[in-house]
Amino acid sequence: MDDDAKVVVFGLDGATWDVLMPWVRQGMLPTLKKLIGGGVHGTLETTIPPVTGSAWASFATGKNPGKHGCYNFILPKKSLNAMKPITSRDIKGETFYELLDNNKKKCILINLPVSYPPRIGGTVITSLMTPGDDFIFPPGLADEIPELREYRIIPDTSLFLDDKEAQYVNDIRGLEKNRFICAKKLYRREWDFFFMLFSGTDWVQHQMYDKLISEKSGDESHSMRFYQEIDEYIGWFVDNAAEKTNILLMSDHGFRAYDKAFFVNSWLKDEGYLRLEPRTKQKIPEHRFSADQGGKRHKKIDIGLPIFLLNNLKILSFLSAGYNRVKAILPFEIHLKGIQPNLSKTTAFNASYDIVGGIYINDENRFVDGIVKAENYDELRCGIMDKLKGLRNPKTGESTIKRIYKKEDIYRGEQAHLAPDVIFTLSDENMCVSASLYSDKAFDEIKSNTHSLNGIFLAYGQDIIKGADINDAKIIDLAPTLLHMFGMPIPGDMDGRVLKSMFKQGSKLHDEPTICQKDDERERIRQSIRKIKSFDIS
C-alpha cells in the first residue's frame with residue numbers, strides 16, 4: 001500500500017440488505033447504488049450472539065469472543081446476579097487500531113462501541129458504555145470544533161419508552177446530523193484510518209423494522225427520510241475522499257422481525273433448574289434514575305425506574321436490550337426491585353443472553369455463590385442439552401431447537417471459560433429467544449424487532465473490484481483485512497482472514513502475499529496490560 005493511501009470504514013449499526021436494497025433499486029439511495037455498482041458487496045456474518053458489544057469487539061480484534069472475552073454488553077462477574085457493563089478494558093489483546101497507532105498511522109474513531117476508555121492517543125469520540133460526559137478525546141477537541149458541545153451518544157430515550165415513533169426518529173435524525181457535521185470537520189484533518197458509526201439505523205429498526213420491510217413504509221415517511229439523509233452523509237465523504245482512498249461499509253449484525261419468543265428462563269424454571277426470589281431493595285433516590293436526552297448530563301430529565309420494561313417483555317422483548325443500554329451509560333449502578341435467581345437453589349440461568357440462547361451453569365469454579373460441583377457439571381450440562389433437543393413447540397409440534405452447542409464448540413481462547421455453557425438457536429426463523437424473567441410461559445406470541453446473524457458488507461475504491469458479490473465475509477475478517485491494506489503483518493492469534501477476493505487483480509493488495517506474524521501470546525498479554533494501565537481517562 002502507498003504511504004499516502006487511506007482507508008475509511010463506515011458502520012451502519014444493524015443494517016440489512018432487506019431494508020436497503022429495495023430502496024437502492026428504486027434510486028432512493030444513490031450513494032449506496034454508486035458504491036454497489038463500483039465495488040463489491042454482500043453479507044457479513046457476525047458473532048454468536050449477534051449483539052453490538054460482542055460484534056464490535058470482534059471487529060476490532062479479528063478474534064472470536066473466546067479470545068477477546070466480550071460476549072454481550074453486560075457480563076456476569078463473580079455471581080450470576082452481578083452483571084458488569086463492559087468497557088474497552090474488557091477487550092483482551094490488542095485491537096487493529098492500536099497496531100496501526102503503534103505503526104505511526106493516524107487514526108480517527110467516531111462512535112465505535114466499546115472504545116471507552118480510549119486505547120490510542122489519537123482522536124476518539126467514544127460510544128455506548130461511556131459513563132458520564134467524557135466521550136471526546138482529546139478533551140480540548142470541543143474547543144476546536146464547537147459543534148461537539150452538542151454531540152450526543154444516544155437519542156432521547158423517553159420518546160422510545162413512550163412509543164412516540166415519529167418524534168423518536170426525528171430526534172435520531174437530529175443526533176446523526178450533528179454527528180455528521182462534527183465528522184466532516186475531522187475528515188478534513190490529517191489521518192490514515194477513519195472510522196465512523198451511524199447508530200441510528202439500529203435504533204430506528206428496533207422500533208419499526210417490521211414496517212420498514214413491508215409496503216407500508218412510504219417514500220415520504222420520516223423513517224425513509226432518515227435513511228436518505230444517511231445516504232447523503234456517506235455521499236459527502238465519498239465525494240470528498242482523497243484519490244487513494246479505499247472505503248468499507250459494514251453493519252455489526254443483521255435484523256429480523258419476530259412474532260413469537262421462547263422464554264428460556266421460564267423453561268428453566270419449569271424444568272426445576274431455576275428458582276426465583278424477590279430482588280433485594282437497593283438505595284436509589286425515590287426509585288428513579290436520571291437520564292439525559294442523549295448522554296449529556298447537564299440537561300437532565302427524570303424517567304421512572306423502568307420496571308415497566310421488564311414487566312412488558314412479552315409485548316416487546318427488545319426492551320430488555322434497550323434497558324441494558326440505558327443503564328450502562330448511567331454514572332451509577334442500578335439494582336431493580338423485582339425478582340432475581342435464588343442462587344442457592346439455581347443450577348442454570350440464561351443471564352443477559354437474548355436473541356440466541358445462552359445458558360450458564362451456576363458452578364462453583366466461576367461463581368462465588370455457585371452450587372454445581374465440578375464432578376456434576378458435565379452430567380448437568382448434558383441433561384439440559386438433551387431436554388432442549390427433545391423440546392417441541394406446543395402449538396405446532398415441531399422441534400424448537402435448530403442447533404445446540406457446548407461453549408467449546410463455538411469459542412476458542414483463554415476467555416472461553418467466561419462464555420455460557422450451552423448455546424442454541426431456534427428452528428422457527430420468526431421466533432427469538434428472550435432472557436426475561438417475567439414470562440409465565442415458555443412460548444408466547446410477541447412483537448419484536450431485533451438482531452440476526454447476517455449484516456452487510458461493501459467495499460469501494462482504487463484497489464477494489466467493480467460490481468462483484470462477496471458472500472463469505474465474517475466480521476472477524478475485517479481486522480486482518482485492514483492491517484493487510486496498510487501493509488502490516490497479521491498477528492498469529494487473529495481468527496479472521498484477509499478478504500483477498502475483494503481486491504483487483506494486479507493491485508498490490510491482491511498480488512502481494514499476506515504477512516503472517518507469529519506471536520508470543522504471553523508477551524502480547526503483558527503488553528496489553530501495560531497499555532491498559534497507562535490509559536489517561538481524566
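Values in this text are rule-based calculations from the coordinates and carry no lab data. Predicted model, so just to flag it, every value in this text is computed and none were measured. A quick note on method: Cβ atoms are made from the backbone with ideal geometry, for glycine too, and the neighbour counts reach across all protein chains shown.
The table that follows gives values for the structure above.
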item	result
Antiparallel bridges, percent of DSSP beta bridges restricted to segment 13-140 (to nearest 5)	60
Simple label model, 7 Å out from Cα along Cβ direction - residue 417 to residue 373, nm	2.0
From phi via Karplus (6.51, -1.76, 1.60), per-residue ³J(HN,Hα) for segment 491-496 in Hz, x at Gly/Pro	x, x, 8, 6, 8, x
Stokes-Einstein diffusion coefficient of segment 116-157, Kirkwood radius over Cα pairs, 10 °C, 1.306 mPa s, in µm²/s	145
Gain on full stretching of the segment that runs from residue 344 to residue 163 - 0.36 nm per residue minus C-alpha separation	61.3 nm
Net charge, residue 180 excluded, C-beta distance under 11 Å - Lys, Arg +1, Asp, Glu -1	+1
Fewest-first sequence of 189, 173 by Cβ atoms within 10 Å of each Cβ	189, 173
Pair residue 399, residue 500: separation of 7 Å Cα→Cβ label points (nm)	3.8
Cβ-derived FRET efficiency at R0 51 Å, residue 277 paired with residue 26, nearest 0.05	0.40
Under-5 Å amide H pairs with residue 277, H placed in peptide plane, nonlocal only	340, 342
Within segment 30-67: backbone nitrogen closer than 18 Å to the residue 189 label point (7 Å, Cα to C-beta)	none
Distance (nanometres) between label positions extended 7 Å along Cα→Cβ at residue 228 and residue 466	2.9
Antiparallel bridge percentage (DSSP; both residues within segment 93-247; nearest 5)	20
Long-range amide H partners of residue 6 with built H, under 5 Å	245, 246
Ascending count of other beta-carbon atoms within 10 Å, so fewest first, for 441, 373, 474	373, 441, 474
Residues 451, 206, 417 arranged by fewest to most Cβ contacts within 10 Å	417, 206, 451
Between segment 435-492 and segment 98-135, the Cα center-to-center distance that results, in Å	21
Distance violations [Cα-Cα > 24 Å] among 387/447; 164/269; 63/260; 33/164; 269/407	387/447; 164/269; 63/260; 33/164
